[in-house]
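Let me begin by presenting the structure, written as structure tokens, before commenting on it.
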Amino acid sequence: MSNKLQWIQDELKNLHEAGLYNRIRTLSSPQGAWLVVDNKHVLNFCSNNYLGLANHPRIVQAAIDSVKKYGVGPAAVRSIAGTLDLHLKLEERLAAFKGVQSAITFQSGFSANLGTIPALVGKEDVIFSDELNHASIIDGSRLSGAQIIRYKHCDPGDLERILSEQRSQFPRALVITDGVFSMDGDIAPLDKIYEVTQRYEAVLMVDDAHGEGVLGKGGRGIVDHYNLHGKVDVEVGTLSKAFGVVGGVSAGNPLVVEWLRQRGRPFLFSSAMTVPDVAACLAALDILEESTELVDKLWENTHYFKTEMKRLGFNTGQSVTPITPVMLGEAPLAQQFSRTLFEAGVFAMAIGFPTVPRGKARIRVMISAAHTKNDLDKGLEIFSEVGKQLGVIS
């Protein structure tokens, strides 16, 4: 037998031995505060379903109704025969929700970054990127061919230092940051970053995947949170988290959006968002624009859970958002903690290298507006029991 793939077997073995092998569990129920996972009924602390919209009856019905009218698949890329009036309506509504002039949708938030970044810079240019930016930003930056220079995490001073040294060497410069960092739950100082970019003629891009539906008035995101409307050149987001569906968006300066319609490769070379996804996103926007109730509930749950976890003695890092990392250090302990939680009825996955640096493994708890206080109390009780059992808290 050929041994040309033996290296994969060896690497998989190494992952198992290091406690870094990712076991993918299977759901057999709708998203919600409780799930059926691997045939076990468990409390859900894993999903990005911030507002509980993934199984909201209005969103489900909107998807069903749209399929009856339009069918399911778009059957073409947007630039040939795949643009439905629904797509244009969603883009108009997203732009209005975000308080910008224009928006373009992609198949996912990941695709939005892969389409946007290479369209804005090329091999003669430079990208200044926060050192903890999401993998999709890293991959989009690599695809662009531009030189990539990382600055210290959430450090506008370091960004300015690097810009002052490097900016003049490149015709075009793009500064990219996550808005909310998905592993630690901290927020970029976007107002200070904007001021720096202004001094150096750099285009500013923020990925607001974990800010939409969470930060700002009624969940309008990090740009609204900092009142930077009209100042951020391009805002990338996802429709798969707080919106409860799937898809991506780039919004902001209409020149950027027009250019992406001409040069955004996922837009040009991959089929459009499906009909039920678009209709479901429109229904999610309806719900968000009608009331802040779900966003308010999300933050109420977040403050309660974090306060109680800290009282129990857990280290929840630097998070200021519903993302709640329970810092454990080494990956084997995090995996054991996750398994023990699951046995006790809580679904909360371990996060380790390479998603987070070595030595910073954690359980990442995702709080949702779908959780009741009883749900949170049940989770806190089980976290306390497992924490004491494994010697994490006393």
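Once phi is turned into ³J(HN,Hα) by the Karplus curve 6.51 cos²θ - 1.76 cosθ + 1.60 with θ = phi - 60°, what whole-Hz value does each residue of the range 217-227 show in order, with x for glycine and proline?
5, x, x, 7, x, 5, 5, 5, 3, 9, 6
Which of Pro156, Pro276, Pro30 moves most in a GNM of the chain, Cα contacts under 10 Å?
Of Pro156, Pro276, Pro30, the Gaussian network model singles out Pro30 as fluctuating most.
Quick check: pseudo-label points 7 Å beyond the Cα along Cα→Cβ at His229 and Gln61, how many nm apart are they?
It works out to 3.1 nm between the two label points.
Pull out the extension gain between Glu385 and Asn39, defined as 0.36 nm times the separation in residues minus the alpha carbon to alpha carbon distance; nm, one decimal. Provide the component values of the computation, followed by the final result.
On the way: separation 346, 0.36 × 346 = 124.56 nm, distance 2.30 nm.
Going from the current span to full extension adds 122.3 nm.
Write down the accessible area per residue of the chain in Å², having rolled a 1.4 Å probe over the full set of protein chains. Walk me through the numbers before you get to the answer.
On the way: 17810 Å² over 394 residues.
On a per-residue basis, the chain sits at 45 Å².
Divide, for the range 290-394, the radius of gyration over alpha carbons by 2.2 N^0.38 Å, where N is the residue count.
Normalised Cα radius of gyration, the range 290-394: 1.06.
GNM on the chain, C-alpha springs below 10 Å: top fluctuator among Gly32, Gly248, Gly230?
Answer for the Gaussian network model of the chain: Gly230.
Give the label of the value calculated from the structure for Cα extents along the principal axes in Å, choosing from (i) 58, 57, 55; (ii) 60, 53, 49; (iii) 90, 54, 44.
Only one listed value fits the structure, namely (i).
Using a Gaussian network for the chain with springs between C-alpha atoms less than 10 Å apart, which of these wobbles most: Ser129, Ser182, Ser291?
With Cα springs under 10 Å in the chain, the top fluctuation among Ser129, Ser182, Ser291 is at Ser291.
Of all accessible surface on the chain at a 1.4 Å probe, what whole percent is carbon and sulfur?
51 percent
Suppose only helical runs count, i.e. DSSP H with n ≥ 4. What mean residue ellipticity at 222 nm does that imply for the chain under -39500 (n - 2.57) per run, divided by all residues and rounded to the nearest 500 deg cm²/dmol?
-13500 deg cm²/dmol
Starting from the Cα of Glu124, step 7 Å toward the Cβ, then list every residue of the range 150-170 with an amide N under 12 Å from that point.
170
For Val256, what charge total do you get from the other residues with a beta carbon under 12 Å from its beta carbon, if Lys and Arg give +1 and Asp and Glu give -1?
-1
Cα gyration tensor of the range 6-151, axes a ≥ b ≥ c as square roots of the eigenvalues: rounded (a/c below 1.5), prolate (a/b > b/c) or oblate?
oblate
Percent antiparallel among DSSP beta bridges with both residues in the chain, to the nearest 5?
Around 55 percent of the beta bridges assigned by DSSP in the chain are antiparallel ones.
The values are calculated or read from the model by the stated rules, or taken from the named source; none is laboratory data. Given the structure is predicted, the values throughout are model-derived calculations rather than measurements. Reconstructed Cβ throughout: ideal geometry from the backbone, glycine too, with neighbour counts over all protein chains shown. Calculation scope for accessible area: heavy atoms of the full protein, side chains included, ligands and nucleic acids excluded. Shrake-Rupley method; radii C 1.70, N 1.55, O 1.52, S 1.80 Å.
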